[in-house]
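Every read-out reported here was derived from the displayed coordinates using simple, explicitly stated rules and does not represent laboratory data. Small disclaimer: the values here were computed from a predicted structure and weren't measured. Backbone-built Cβ (ideal geometry, glycine too); neighbour counts: all protein chains shown.
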Amino acid sequence: MSLFRKAERAFVALNGWVVIACLVAMSGVVFTNVALRYLTNNSIPWADEVARYLMIWMTFLGAGLVLRQGGHVAITNLQEALPTRVQIALRAALVLLLAGFFAYMVWVGQEYMTRMGRQLTPATRISYWYIYLAMPVGFALLIVHLALIAPRLILSGRHAGDDDDGEAGMTGGQLG
């Protein structure tokens with residue numbers, strides 16, 4: 001296996017483990033809060049807030065992993081009806097369009113993060129900068145994931161999760 005493939009696998013694995021850590025932390029906070037509420041009639045004042053922010057981070061960090069697997073909604077009827085060369089050109093245009101949109105959203109997220117970062121969260125009293133940082137980080141990760149799968153996606157229309165015959169992967173989210 002090439003060094004590039006090893007680095008890509010390490011990147012994907014790290015991204016996945018961070019998403020899992022967010023899910024575990026969020027579940028732990030919510031479970032602990034519910035258990036305390038029923039057992040002691042008291043709850044953790046910051047639990048809902050922390051769980052919400054962990055879900056935000058988990059969503060933005062996980063979007064690139066879902067993109068790799070083809071799990072986002074896609075309508076493929078038009079693409080499949082076109083000749084092969086036109087399909088490739090259409091997929092290339094879509095990849096460029098997505099990359100441009102993701103880059104724009106990194107900028108928008110950074111701007112929003114900078115503007116809103118002066119405010120503090122109600123319960124934990126941390127800067128909203130840390131919460132809104134999820135947006136530019138998540139969209140930057142989307143750019144990296146898209147760049148890593150772009151050649152295969154453009155040329156064959158298959159995602160990283162597709163097996164050799166192109167039938168596997170997370171195609172359940174696709175329409176068409």
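Tally Lys/Arg at +1 and Asp/Glu at -1 over every other residue whose Cβ is under 15 Å from the Cβ of Val29; what's the total?
0
Which whole-Hz ³J(HN,Hα) couplings does region 84-99 yield from phi under the Karplus relation 6.51 cos²θ - 1.76 cosθ + 1.60, θ = phi - 60°, glycine and proline marked x?
Each residue of region 84-99 in turn: 4, 5, 5, 4, 4, 5, 5, 5, 5, 5, 5, 4, 5, 5, 4, 4 Hz.
Using only C-alpha atoms and all pairs of different ones, pull out the Kirkwood radius for region 3-175 in Å with one decimal.
By the Kirkwood definition, the hydrodynamic radius is 18.3 Å.
Quick one: net charge around Ile88, please, counting Lys, Arg +1 and Asp, Glu -1 for every other residue with C-beta under 14 Å from its C-beta.
So the surrounding residues net to +3.
Per the helix-only calculation at 222 nm, which mean residue ellipticity applies to the chain, given -39500 (n - 2.57) for every DSSP H run of n ≥ 4 and division by its residues, nearest 500 deg cm²/dmol?
About -25000 deg cm²/dmol.
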